[in-house]
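Have a look at the structure below before the remarks.
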Amino acid sequence: MAFDPASLTYDSAGLIPAIAQDEASGEVLMMAWMNAASVAETLETGRVTYWSRSRQELWRKGETSGHVQGLVEMRVDCDRDCLLLLVRQTGPACHTNRRSCFYTSVGAQGEHEIMEPMT
């Protein structure tokens, strides 16, 4: 059965949230936005492509840093308004040079960094 990116539920800007998760460890690496074109390109090439809201263009993860994400599997949630991308991450996923963008823990005692940048 062929998949049609238009079957997804996008927001008013034509975007859908996509959560990248390491396929081996299960670690959540990052969250970014995709549009129908980036979903289609990701499925076609196997290299994760997002939509850059700041640059208003397709963002091929790792294009400048070399820290690419290879798609292992794309999953759609029950409402078809969020994607889970199981990926093979090369290098850090975060632009701060950390493995994951979720490196700050927040609790009743405040917040603190739980992950150092990769060397």
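Computed from the coordinates by the stated procedures, all read-outs in this text should not be read as laboratory data. Because the structure is predicted, anything quoted here is derived from the model rather than measured. Neighbour counts run over all protein chains shown; Cβ positions are idealised from the backbone, glycine included.
The residues on offer are SER38, SER54, SER65, and the sole one that is over 23 Å from PRO117 (Cα atoms), assigned to a loop (DSSP other than H, G, I, E, B) and among the hydroxyl-bearing types (Ser, Thr, Tyr) is SER54. When segment 75-100 is filtered for residues that are without any contact (Cβ under 8 Å) to a residue 60 or more places away in the chain and under 16 Å from GLY26 (Cβ atoms), only ARG75 remains.
Is there a residue being of a type in the set (Ser, Thr, Tyr), free of Cβ contacts under 8 Å to residues at least 40 places away in the same chain, touching a Cys at 6+ places or on another chain (Cβ under 9 Å) and surrounded by 12 or more Cβ atoms within 10 Å (Cβ to Cβ) anywhere in segment 40-49? No: segment 40-49 contains no residue that is of a type in the set (Ser, Thr, Tyr), free of Cβ contacts under 8 Å to residues at least 40 places away in the same chain, touching a Cys at 6+ places or on another chain (Cβ under 9 Å) and surrounded by 12 or more Cβ atoms within 10 Å (Cβ to Cβ). In summary, SER105 fulfils each of the numbered conditions (1) of a type in the set (Ser, Thr, Tyr); (2) within 13 Å of the chain's Cα centre (by Cα); (3) not in a loop (DSSP other than H, G, I, E, B) with the single exception of condition (2). Checked across segment 66-73, the condition of being within 23 Å of THR104 (Cα to Cα), touching a residue at least 40 places away in the same chain (Cβ under 8 Å) and not polar (S, T, N, Q) holds for no residue. Is it the case, given these coordinates, that ALA36 is within 25 Å of ARG98 (Cα to Cα), in contact with a Pro (Cβ under 9 Å, 6 or more places away or on another chain) and not acidic (Asp, Glu)? It is false that ALA36 is within 25 Å of ARG98 (Cα to Cα), in contact with a Pro (Cβ under 9 Å, 6 or more places away or on another chain) and not acidic (Asp, Glu). When GLU111 is tested against the conditions (1) free of Cβ contacts under 8 Å to residues at least 12 places away in the same chain; (2) of a type outside the set (A, V, I, L, M); (3) assigned to a helix (DSSP H, G or I), the lone failure is (3).
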